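Everything on this sheet refers to the single structure shown next.
The values are calculated or read from the model by the stated rules, or taken from the named source; none is laboratory data. What you see is a predicted model, and the numbers here were worked out from it, not measured in a lab. So basically every Cβ, Gly included, is an ideal-geometry build from the backbone, and we count neighbours across all protein chains shown.
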């Protein structure tokens, strides 16, 4: 009754609490959530590309040491394990740094950011798997390195 | 020890860059041999080392170690990489030490990739450093060692798994004459005391005095010069 009166007299739309909640979630908040999701996806891709490049550069820097290990008879698994280890350490360190920074700064944002533990866990999983995949470029380069590179000056 | 007979090495499809003809040589325990090169580069010494070290497949011939045939016109199904880490020690022109590992860990690494537990590897590495009179430098990083010390650590790494064969690729190239002579003396001592066959490649003729056998690579052929 009151709602119809307001609609007819003041030309406003009237919603119930439930309708308003669903309107916000389906409309404006959904859009913001999608934009945040897009940013998060882009940042994850950029971060993984940076990690891949770093692993590749670190591997190239150590290519003579890798050739030496291969010449000494180290198995491919030893080489792969060394690169995976540095990739995992790099991924864990960058995630820990990012997580700490987010938790230190989130209260200073104009809008409240709710960080659910399961979302953090999923992000960690994506980064962890992505970090390992990012090291593939370095691993392929290392495995293709001929042991003969260790000889000569 | 290693015995090579009539092997030929090819680069690419058809071009033979080194043809070792009529060579049938057996190296015994404690024997030292030097391949002295007429030309410092391009003469095929790296190819020769790569074949002896079971990295490059010869196009023909036979290679045997400890009475076991490794190559007889084809690999004989042996795990070449495992055989290499168990039976061959390498000394490089540049010491090729891992820069972020100290002297002890550089030596221990060679044993660890051969399956030795960490504490055993480090303990044996300490013994080797003492043998090489470098015990006091065990915790030093390669950057903090002199050229001669670095090369002695590299020799320790080559000895880590007590291989019967040690290959040295111009081990004195980055050293001055005095230090180079000491390294070559050490190689001869190792061959004698540890019963290993040492094959060294050098183009510095001043360094080969006292070696049992001297070879030259001339026009792609390995020629025995003197005994």
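Looking at the range B:44-61, which of the residues that are part of a loop (DSSP other than H, G, I, E, B) and closer than 18 Å to residue B:163 by Cβ is farthest from the other protein chains (Cβ to nearest Cβ)?
First, pick out the residues of the range B:44-61 that are part of a loop (DSSP other than H, G, I, E, B): B:44, B:53-59.
Subsequent filtering for residues that are closer than 18 Å to residue B:163 by Cβ retains B:53-55.
Numbers: B:53: 7, B:54: 9, B:55: 5 Å.
Filtering first and then ranking leaves B:54.
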**Study point:** the range B:169-204, residues that are within 20 Å of residue B:134 (Cα to Cα) and in contact with a strand residue (DSSP E or B) (Cβ under 6 Å, 6 or more places away or on another chain)
**Key:** B:171, B:187, B:188, B:191
Revision key, fill the gap. Picking from A:52, A:65, A:34, the residue that is part of a helix (DSSP H, G or I) and within 14 Å of chain B (Cβ to nearest Cβ) would be A:65
Review point. Restricting attention to the range B:66-82, which residues are touching a strand residue (DSSP E or B) at 6+ places or on another chain (Cβ under 7 Å) and surrounded by 18 or more Cβ atoms within 10 Å (Cβ to Cβ)?
Key: B:70, B:71
Review point. If a residue has to be in a loop (DSSP other than H, G, I, E, B) and either on the phi > 0 side of the Ramachandran plot or within 19 Å of the chain's Cα centre (by Cα) (or both) to count, how many in the range B:104-141 make the cut?
Key: 5
Exercise for review: Sort through B:97, B:101 and tell me the only one that's touching a residue at least 12 places away in the same chain (Cβ under 8 Å), part of a loop (DSSP other than H, G, I, E, B), surrounded by fewer than 17 Cβ atoms within 10 Å (Cβ to Cβ) and within 13 Å of chain A (Cβ to nearest Cβ).
Suggested key: B:101
Practice item. Count, please, the residues in the range B:164-180 that happen to be surrounded by fewer than 21 Cβ atoms within 10 Å (Cβ to Cβ) and without any contact (Cβ under 8 Å) to a residue 40 or more places away in the chain. Key: 4
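Quick test for you: out of B:128, B:56, pick the one residue that is in contact with a helix residue (DSSP H, G or I) (Cβ under 9 Å, 6 or more places away or on another chain), buried (at least 17 other Cβ atoms within 10 Å of the Cβ) and closer than 22 Å to residue B:222 by Cβ.
Values: B:128 fails: closer than 22 Å to residue B:222 by Cβ.
Matching residue, one of B:128, B:56: B:56.
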Review point. Just one of the numbered conditions (1) within 14 Å of chain A (Cβ to nearest Cβ); (2) modelled with pLDDT of 80 or more; (3) surrounded by fewer than 20 Cβ atoms within 10 Å (Cβ to Cβ) is not true of residue B:88; which one?
Key: (3)
Exercise for review: Output the number of the condition that residue A:73 fails; it satisfies all remaining conditions of (1) assigned to a helix (DSSP H, G or I); (2) without any contact (Cβ under 8 Å) to a residue 24 or more places away in the chain; (3) touching a helix residue (DSSP H, G or I) at 6+ places or on another chain (Cβ under 9 Å).
Suggested key: (1)
Check your understanding: Any idea how many residues of the range B:193-227 are closer than 22 Å to residue B:156 by Cα, assigned to a helix (DSSP H, G or I) and at pLDDT below 80?
Key -> 1
Review point. Could we say that residue A:79 is in a helix (DSSP H, G or I) and touching a residue at least 60 places away in the same chain (Cβ under 8 Å) here?
Key: yes
**Study point:** From A:29, A:42, residue being out of contact with any helix residue (DSSP H, G or I) (no Cβ under 8 Å at 6 or more places or on another chain) and either outside any helix (DSSP H, G or I) or within 22 Å of residue A:129 (Cα to Cα) (or both)
**Key:** A:42
Check your understanding: Mind checking whether some residue in the range B:159-170 is within 14 Å of chain A (Cβ to nearest Cβ) and farther than 20 Å from residue B:89 by Cα?
Key -> no
Practice item. Mind listing just one residue for me: the one in the range B:181-203 that is touching a helix residue (DSSP H, G or I) at 6+ places or on another chain (Cβ under 7 Å) and over 17 Å from residue B:90 (Cβ atoms) and, of those, surrounded by the most Cβ atoms within 10 Å (Cβ to Cβ)? Key: B:181
Check your understanding: When you go through A:122, A:139 one by one, which is the residue that is part of a helix (DSSP H, G or I) and in contact with a helix residue (DSSP H, G or I) (Cβ under 8 Å, 6 or more places away or on another chain)?
Key -> A:139
